[in-house]
Structures are given as C-alpha cells and as structure tokens.
Amino acid sequence: MQWNKYLAEAIATFALVFIGAGAVVANATYNNSLGLVGVALAHGLVLMSMIYATRHISGGHVNPAVTIAMLVTKKIPVKDGIAYIIFQLVGAAIAGLLLAVVFVNAPASVHLGVTDLASGVSVTTGIILEAVLTFFLVFTVFAVAVDNRGLADASGLAIGLVLTFDILVGGSLTGAAMNPARAFGPAFASQYFLTQPVYWIGPIIGAVIAALIYDRIFLKTK
C-alpha cells in the first residue's frame with residue numbers, strides 16, 4: 001500500500017525534528033548542557049537511525065529537499081514526491097507542537113528550536129550557506145543510497161555524519177537546517193516565520209544542483 005511509505009516519512013521526519021530541535025531547546029533551557037557538538041550529534045544520530053528504519057519502506061528521504069532532488073532526477077513518481085513532502089511537513093509540525101508541550105519553560109527567544117540566522121548573517125549569506133551544506137548532504141545521499149555502486153549498507157551512517165559535520169560548521173551561523181521540514185516544524189509551533197524562506201530556497205537550490213551533478217555526470221559513467 002502507498003500510505004505506508006508516506007507514514008514512514010512522517011514518522012521519520014517527526015523524529016528528526018523532535019530530537020534535533022529538542023536538543024536545541026534543551027541546550028538553551030539548561031545552560032548549554034549539550035553545546036554545539038551535542039546538538040550536531042543529536043541531529044546526526046537521529047537521521048542515521050531513521051534512514052536505517054525507513055530506507056526499505058520509503059527510501060528514507062526525511063527531507064523535502066531530498067524528495068525534490070529525487071523528483072528533478074526522476075527517481076520518484078510525482079504523486080509520491082508530493083505526498084512525501086506533505087507528510088514530512090505534517091510530521092515536522094506535530095513534532096513542533098509536542099515540543100511546545102514538553103518544553104514549557106524554554107526561553108521564548110529559542111522559538112522551540114527553530115533554525116535562525118545569527119546576528120550579522122544576511123539572508124543572502126544564509127541562503128548560500130544552506131545551499132552549500134545541503135549540496136554535501138544530497139551529494140552523499142546520491143552516492144550511497146541512489147548509486148548502486150555505493151555502500152548502501154553504510155548509507156545511514158554516511159548521511160548522518162554529513163548532517164553532523166554540516167551542523168558543526170553552519171550551526172552557529174544559520175542553524176544548519178538543510179531541510180525545509182526541520183525549519184518548518186518549530187516555526188509552525190512557535191509561529192516564528194521571519195527567516196523561513198532561507199531554509200526553503202537554500203536547501204532546495206543545493207539539493208537540486210547536487211542531484212543534477214551526480215545524476216548527469218557520475219551516474220552516467222556507469
């Protein structure tokens with residue numbers, strides 16, 4: 001049945017947002033108890049786990065930018081792609097709402113872990129950084145999960161590690177979402193949408209460029 005793929009994407013994205021954004025909120029609420037390294041590891045570990053949990057069901061996209069990359073390169077039917085994105089956003093929104101219930105004492109300034117631009121980081125710089133970071137993520141997705149010459153059994157680990165090192169670099173500047181759903185869930189729950197376009201435009205641009213390069217250059221050499 002088709003719905004099981006969509007539900008898997010919703011559950012996996014829920015987990016990513018609840019754990020990832022939750023780590024950000026916990027860090028802000030409890031005196032930097034995790035730090036940037038802890039936040040990066042929380043994101044990387046939950047993404048790795050969810051990819052292994054859902055790859056055989058839905059392909060383990062867990063990210064509208066990844067799904068759009070698959071659509072652009074015709075790796076997924078349009079109907080499924082649209083449904084994936086809807087269910088990813090629904091899962092993210094539910095996660096954001098649950099974070100509001102759990103972290104009732106969180107500082108209002110953290111907006112339930114929403115990704116945001118640091119002081120001095122312009123919208124243009126934020127879009128460029130999110131595009132570059134997402135390029136690395138999606139390039140790796142294609143290398144290990146799409147290309148049958150890649151190490152498919154290590155796909156979750158490889159993709160999770162990319163998310164981790166991307167956050168170590170970009171987390172202090174943009175929050176390093178690389179994922180419109182990761183940005184949307186906490187924004188929906190906190191009603192803080194000020195910088196949302198950054199986390200749609202940047203990741204989609206980076207994802208599409210990475211997908212087209214890998215598909216047209218590296219996959220074509222098979």
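The values are calculated or read from the model by the stated rules, or taken from the named source; none is laboratory data. Just so it is clear, the model here is predicted, and its values are computed rather than measured. Cβ placement follows ideal geometry from the backbone for every residue including glycine, while neighbour counts extend to all protein chains displayed.
For this structure, a couple of remarks:
- If you go through segment 158-176 and keep only what is aliphatic (A, V, I, L, M) and under 27 Å from Ala28 (Cα atoms), you end up with Ile159, Leu161, Val162, Leu163, Ile167, Leu168, Val169, Leu173, Ala176.
- Checking each residue in segment 205-222 for being touching an Asp or Glu at 6+ places or on another chain (Cβ under 9 Å) and part of a helix (DSSP H, G or I) picks out Ile205, Gly206, Tyr214, Phe218, Leu219.
Table: residues versus (1) under 21 Å from Val37 (Cβ atoms); (2) among the acidic types (Asp, Glu); (3) surrounded by 16 or more Cβ atoms within 10 Å (Cβ to Cβ).
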{"residue": "Gln88", "(1), (2), (3)": "no, no, yes"}
{"residue": "Pro107", "(1), (2), (3)": "yes, no, no"}
{"residue": "Val110", "(1), (2), (3)": "yes, no, yes"}
{"residue": "Asp166", "(1), (2), (3)": "yes, yes, yes"}
{"residue": "Gln191", "(1), (2), (3)": "no, no, no"}
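- Total residues in segment 83-117, condition in contact with a helix residue (DSSP H, G or I) (Cβ under 6 Å, 6 or more places away or on another chain), outside any helix (DSSP H, G or I) and under 19 Å from Pro197 (Cα atoms): 3
- Residue satisfying condition, being at pLDDT 95 or above and closer than 18 Å to Ala92 by Cα, within set Phe184, Phe142: Phe184
- When we screen Phe193, Phe188 for residues that are in a helix (DSSP H, G or I) and within 27 Å of Leu98 (Cα to Cα), the only hit is Phe188.
- Selection status of Val121, at pLDDT 95 or above and farther than 25 Å from Ile51 by Cα: yes
- When residues of segment 118-137 are limited to those that are of a type in the set (Gly, Ala, Ser) and touching a helix residue (DSSP H, G or I) at 6+ places or on another chain (Cβ under 8 Å), the one surrounded by the most Cβ atoms within 10 Å (Cβ to Cβ): Gly126
- Among the residues of segment 166-190, those identified as under 19 Å from Ile86 (Cα atoms) and of a type outside the set (A, V, I, L, M, F, W, C) are Asn179, Pro180, Arg182, Gly185, Pro186.
- Considering residues of segment 21-71 that are aliphatic (A, V, I, L, M) and farther than 21 Å from Gly96 by Cα only, the residue surrounded by the most Cβ atoms within 10 Å (Cβ to Cβ): Ala69
- In segment 69-76, the condition of being of a type in the set (A, V, I, L, M, F, W, C) and outside any helix (DSSP H, G or I) is met by at least one residue.
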